[in-house]
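Undergrad: Quick one: this structure, given as structure tokens, is what I'll be asking you about.
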Ligand code: GUN
């Protein structure tokens, strides 16, 4: 069994980006600038945003954090998005999800200029992705694809089961892995809350991807011997033995599943850091696309 070390791989990617940025800087060229909008003070969102800003620093990017209270109106937020769309110094920006219930997530996503949508959430980018056209691919699916590439994992002809059909992970990943591409060319099953015989379906998977946000949902009896298991879950659960009182739990019961796998991604240190590295790659690309 081999560990898919997302932390190390992400570090390598960020070092590669930092070298490119350093070269641009020495040539007097523009350096990438990412902005992030954070609403409210949800602990998970703040951790994600801090990781993204720290990664910007590691890559030599400029970054701007715009924080607003939970009470911000939809109209004010739409105005902030418009000003980021117009701001020529900003190459890409993200609006950290989830949003407060009074704000319509789709309305916000639609307001983002697709050329600055480094999260790849805009329907224009999702549609282009489905057609295998150049676009921004959302960070978690593209982080998983990059993890497969950098570990030389061959996917063609394999049976892939993805658990979870979210717009930002399961759904786009099911499209990417079924495309005529490398990685890709898998036979994909997208399982969800209404799926029957989930255990039997998972047992057919050469590649099993868990993206449901239910800690330790995938157990050893659901995994075929030699399978490749990718764990996208990152749920905070109480843990009195930790200084902060919590730890991150994946969707996979790692200790019992790992011995059955050929490869497995851990939590933390697997998909999470790759997601952030992909966001950095998208931001660099956003700047390059503008011909800067
Ligand atoms: N919330 C959870 N994951 C993400 C992400 O990748 N991007 C944004 N903007 N919000 C998130």
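Undergrad: Which members of region 181-194 meet the condition of being surrounded by fewer than 16 Cβ atoms within 10 Å (Cβ to Cβ) and touching a strand residue (DSSP E or B) at 6+ places or on another chain (Cβ under 8 Å)?
TA: The answer is 187, 192.
Undergrad: Would you please name the residue that is nearest to the ligand (Cβ to nearest atom), looking only at residues in region 231-264 that are closer than 13 Å to residue 4 by Cβ and within 14 Å of the chain's Cα centre (by Cα)?
TA: 232
Undergrad: Tell me the residue from 228, 212 that is more than 16 Å from the ligand (Cβ to nearest atom) and surrounded by 19 or more Cβ atoms within 10 Å (Cβ to Cβ), please.
TA: On the way: 212 fails: more than 16 Å from the ligand (Cβ to nearest atom).
On inspection, the qualifying residue turns out to be 228.
Undergrad: So, residue 37, is that one within 15 Å of the ligand (Cβ to nearest atom) and under 18 Å from residue 136 (Cα atoms) or not?
TA: Considered against the rule, which asks whether it is within 15 Å of the ligand (Cβ to nearest atom) and under 18 Å from residue 136 (Cα atoms), residue 37 comes out as no.
Undergrad: Any residue in region 54-72 that is within 24 Å of residue 134 (Cα to Cα) and within 14 Å of the ligand (Cβ to nearest atom)?
TA: The answer is no, given that none of the residues of region 54-72 is within 24 Å of residue 134 (Cα to Cα) and within 14 Å of the ligand (Cβ to nearest atom).
Undergrad: So which residues in region 34-57 are over 19 Å from the mean Cα position of the chain (by Cα) and surrounded by 20 or more Cβ atoms within 10 Å (Cβ to Cβ)?
TA: Listed by number, the list holds a single entry, 39.
Undergrad: Hey, any hits in region 79-90 for a residue that's within 16 Å of the ligand (Cβ to nearest atom), over 16 Å from residue 290 (Cβ atoms) and either out of contact with any strand residue (DSSP E or B) (no Cβ under 7 Å at 6 or more places or on another chain) or touching a residue at least 24 places away in the same chain (Cβ under 8 Å) (or both)?
TA: Yes, because at least one residue in region 79-90 is within 16 Å of the ligand (Cβ to nearest atom), over 16 Å from residue 290 (Cβ atoms) and either out of contact with any strand residue (DSSP E or B) (no Cβ under 7 Å at 6 or more places or on another chain) or touching a residue at least 24 places away in the same chain (Cβ under 8 Å) (or both).
Undergrad: Tell me, which helices (runs of 4 or more DSSP H) lie completely within region 184-292 with 2 or more residues that are more than 30 Å from residue 114 (Cβ to Cβ) and touching a residue at least 24 places away in the same chain (Cβ under 8 Å)?
TA: 198-203, 254-257
Undergrad: Only one of 178, 174 is more than 16 Å from the ligand (Cβ to nearest atom) and either within 15 Å of the chain's Cα centre (by Cα) or surrounded by 22 or more Cβ atoms within 10 Å (Cβ to Cβ) (or both); which?
TA: After ruling out the rest, the residue left standing is 174.
Undergrad: I've got another one for you. Filter region 25-55 down to the residues that are in a helix (DSSP H, G or I) and at pLDDT 95 or above and list them by number.
TA: Within region 25-55, 25, 26, 49, 50, 51, 52, 53, 54, 55 qualify.
Undergrad: Here is a further query. Taking residue 169 as the residue in question, decide whether it is within 16 Å of the ligand (Cβ to nearest atom), crowded, with 17+ Cβ neighbours inside 10 Å and closer than 15 Å to residue 251 by Cα.
TA: Spelling it out, residue 169 is indeed within 16 Å of the ligand (Cβ to nearest atom), crowded, with 17+ Cβ neighbours inside 10 Å and closer than 15 Å to residue 251 by Cα.
Undergrad: Cβ-Cβ under 8 Å, sequence separation 6+ or interchain: first residue in region 119-134 and touching a residue at least 24 places away in the same chain (Cβ under 8 Å), partner away from the ligand (no atom under 16 Å from the Cβ) and in a helix (DSSP H, G or I). Which pairs?
TA: If the second residue must be away from the ligand (no atom under 16 Å from the Cβ) and in a helix (DSSP H, G or I), the pairs left are 129/175; 130/175.
Undergrad: Related question: Scan 4, 19 and give me the residue that is on the phi < 0 side of the Ramachandran plot, more than 16 Å from the ligand (Cβ to nearest atom) and surrounded by fewer than 17 Cβ atoms within 10 Å (Cβ to Cβ).
TA: Within the list 4, 19, the selection yields 19.
The values are calculated or read from the model by the stated rules, or taken from the named source; none is laboratory data. No experiment lies behind these values; they were computed from the predicted model shown. Note: ideal-geometry Cβ built from the backbone for every residue, glycine included; neighbour counts use all protein chains shown.
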